[in-house]
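The values are calculated or read from the model by the stated rules, or taken from the named source; none is laboratory data. Predicted model, so just to flag it, every value in this text is computed and none were measured. Cβ placement follows ideal geometry from the backbone for every residue including glycine, while neighbour counts extend to all protein chains displayed.
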There are 2 protein chains.
Amino acid sequence: MNTELPKTVSEPTLKRLPLYHHFLKELLQREQEAVSCTDIGEELNLDPTQVRKDLEAAGISGRPRIGYATAAVVDGIERFLGWKKVSEAFLVGAGSMGSALLGYRKFEECGLKIVAAFDRDPAKVGRKIHGKHVLALDKLTDLAQRMHVLIGIITVPAVEAQAVADALVAGGVRAIWNFAPVRLRVPEHIIVHNEDLYCSLASLSQKLGQALEANPAEPVTARRLRTATLS
Amino acid sequence: MNTELPKTVSEPTLKRLPLYHHFLKELLQREQEAVSCTDIGEELNLDPTQVRKDLEAAGISGRPRIGYATAAVVDGIERFLGWKKVSEAFLVGAGSMGSALLGYRKFEECGLKIVAAFDRDPAKVGRKIHGKHVLALDKLTDLAQRMHVLIGIITVPAVEAQAVADALVAGGVRAIWNFAPVRLRVPEHIIVHNEDLYCSLASLSQKLGQALEANPAEPVTARRLRTATLS
DNA sequence: TATGTATCGAGAATAATATATTGATATATA
DNA sequence: TATATATCAATATATTATTCTCGATACATA
Ligand SMILES: NC(=O)c1ccc[n+]([C@@H]2O[C@H](COP(=O)([O-])OP(=O)(O)OC[C@H]3O[C@@H](n4cnc5c(N)ncnc54)[C@H](O)[C@@H]3O)[C@@H](O)[C@H]2O)c1
Ligand SMILES: NC(=O)c1ccc[n+]([C@@H]2O[C@H](COP(=O)([O-])OP(=O)(O)OC[C@H]3O[C@@H](n4cnc5c(N)ncnc54)[C@H](O)[C@@H]3O)[C@@H](O)[C@H]2O)c1
């Protein structure tokens, strides 16, 4: 197994790795100990070579004629993606989106533990949502510093997002997961991921529009199945 | 203005267009009637040529030395992305994620109108969430057919997602926006977009891990600002 | 033991995407 | 009117991502 990991891995690869992980966990439960790129590719509708390249990028190698050891791949992906060591996160904005995220278990499997929420609304402060305390906004920066929290999740209205980002950065947060439809301005070294749900919707509706134009009333009779492609 | 639109537009382009749209709407409010690719590129931290190419792909053209007419670009993007004609959608799974989406106004600006929600839980059926009726699951297929609803949004637990997708397809839905962490199997002609929040998280944590390894205690003093890059 | 085959691994070829270059054009200004 | 300049448009190049090719390897089977 190659322990020399390449410095940078492409974004598409990074987004496919969790997919492999998810599928392989299933296989593990079925006690399938080995798996080939072909298997994975067929399940996820991807080129086998692509799968192999992605695994290689994550520093995982297999054996000819055998394939990969399922458990080793699962382990390797988790290690590569940093899911082994749990990172603590603060969530700011305990509204409807924020509450949904607070209750989502899968994040913990991926090494993300939301330890507290913050909100400006006094009615929410002091309450618990999905077992997590909602704290007053003015404690954010100080607590982040003292607890060495490295990840901030922003689920406040768009106009508030920049101020929240500033507070998070002041608290020493190193990565921000932003759900507000705004481009944040942050120092160079801060990692920001924008989760623009409406941008994602954009491509859906554009494609739907085109499909409808090409074929306004597709019959429901076409029944050939395939696995849906990547987002 | 070029009315001959190219058949296919790249996914990255499709995801950048809403960003331009968002920025240009702001400019419109400030009554800035013209804008250059350079301006847009600076705001969003993108190459001006890239911006021009994207606008060209959407069938929008400008004038040398002047730039683009702000209103025309906004209009062009909306038309190209199919935001002008509103599409009706059903949401299935009125849990925490589903409720958040039901209450999100921005989707309507993008031509997506969620007209009803469906849930299996009798305690939820009959109630209203964010002004939208929650209906019984067994009405889904039939209603979708009769109302000619073309978009389905899936926010049920992973194990239920495939069954829901089948029901939506049977109801004549043409596009599915899937929030469950599963690859759906659907007929060829159905458009599926997977919104894998945890895959997105994966790349965030991987990058954070790398950044920490490279520089475990980055000083908070580095203050050079930049606009955050794309998701 | 010899042969066949499924698979990985490495590298080449292709395709997609992003960036750079150059020329054309419309406006401002001398 | 002539010149300078900012900008779009079209083309060319560079970069990145995906797919293909082929040789090496390990197991299965005759
Ligand atoms: N609801 C969705 O489906 C959805 C989808 C995509 C993106 N978003 C984005 O997520 C963000 C939140 O959306 P939502 O629907 O949860 O809104 P919401 O109104 O339900 O919640 C916002 C919460 O943030 C709190 N808040 C406001 N200003 C704050 C501040 N300065 N500091 C701390 N807390 C503050 C409010 O008290 C409220 O609890 C918005 O930017 C929205 O655009 C929402
Ligand atoms: N909560 C999050 O932050 C989050 C984030 C990303 C993805 N997701 C995914 O979204 C989905 C929903 O998550 P959630 O947190 O809202 O869960 P939830 O349990 O809050 O909601 C699920 C809802 O679906 C309903 N339901 C279950 N089976 C159904 C069926 N067959 N037909 C119709 N309704 C059915 C339930 O009654 C419930 O109301 C899950 O697949 C989850 O993985 C959630």
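Points to keep in mind about this one:
- For B:Glu26: the one exception among (1) closer than 24 Å to A:Arg183 by Cα; (2) within 16 Å of DNA strand C (Cβ to nearest atom): (2)
- For B:Leu19: the one exception among (1) under 17 Å from the mean Cα position of the chain (by Cα); (2) surrounded by fewer than 19 Cβ atoms within 10 Å (Cβ to Cβ); (3) within 22 Å of A:Asp196 (Cβ to Cβ): (2)
- Contacts under 7 angstrom Cβ, first residue in region A:87-114 being among the polar types (S, T, N, Q), partner surrounded by 24 or more Cβ atoms within 10 Å (Cβ to Cβ) and at pLDDT 95 or above, 6 or more apart: A:Ser87/A:Leu112; A:Ser87/A:Ile151
- Candidates are the residues of region B:157-184 that are of a type outside the set (Gly, Ala, Ser) and in contact with a Phe, Trp or Tyr (Cβ under 9 Å, 6 or more places away or on another chain); the one that is farthest from ligand 1 (Cβ to nearest atom) is B:Arg183.
- Looking only at region A:85-136, residues that are more than 16 Å from ligand 1 (Cβ to nearest atom), over 19 Å from the mean Cα position of the chain (by Cα) and within 17 Å of A:Thr155 (Cα to Cα) come to 0 in all.
- Within this structure, A:Arg63 fails the test of being more than 10 Å from chain B (Cβ to nearest Cβ), more than 10 Å from DNA strand C (Cβ to nearest atom) and surrounded by fewer than 14 Cβ atoms within 10 Å (Cβ to Cβ).
- Filtered residues of region B:158-214 (kept if of a type in the set (Asp, Glu), surrounded by fewer than 19 Cβ atoms within 10 Å (Cβ to Cβ) and either at the interface with another protein chain (Cβ under 7 Å from one of its Cβ atoms) or touching a helix residue (DSSP H, G or I) at 6+ places or on another chain (Cβ under 6 Å) (or both)): B:Glu188
- Checklist (1) in contact with a strand residue (DSSP E or B) (Cβ under 6 Å, 6 or more places away or on another chain); (2) under 26 Å from B:Lys207 (Cα atoms) applied to A:Gly103, failing item: (1)
- Odd one out for A:Thr155 among (1) buried (at least 22 other Cβ atoms within 10 Å of the Cβ); (2) not hydrophobic (A, V, I, L, M, F, W, C); (3) not assigned by TED's automatic domain parsing to the domain that holds A:Phe107: (3)
- Candidates in region B:44-59 are the residues that are within 14 Å of chain A (Cβ to nearest Cβ) and surrounded by fewer than 19 Cβ atoms within 10 Å (Cβ to Cβ); of these, the one that is farthest from DNA strand D (Cβ to nearest atom) is B:Asn45.
- Residue list for region A:66-83, restricted to those being within 14 Å of chain B (Cβ to nearest Cβ) and either near DNA strand C (Cβ under 10 Å from one of its atoms) or more than 30 Å from A:Leu137 (Cα to Cα) (or both): A:Val74, A:Gly76, A:Ile77, A:Glu78, A:Arg79, A:Phe80, A:Leu81
- Residue among A:Ala180, A:Ala170 that alone is closer than 29 Å to B:Leu17 by Cα, more than 16 Å from DNA strand C (Cβ to nearest atom) and either small (Gly, Ala, Ser) or in contact with a Leu (Cβ under 7 Å, 6 or more places away or on another chain) (or both): A:Ala180
- First in region A:126-152 and within 14 Å of chain B (Cβ to nearest Cβ), second anywhere and surrounded by 14 or more Cβ atoms within 10 Å (Cβ to Cβ) and hydroxyl-bearing (Ser, Thr, Tyr), Cβ under 9 Å, 6 or more apart: A:Ile129/A:Ser99; A:His130/A:Ser99; A:His130/A:Tyr104; A:His130/B:Ser96; A:Val149/A:Ser87; A:Leu150/A:Ser87; A:Ile151/A:Ser87; A:Ile151/B:Ser205
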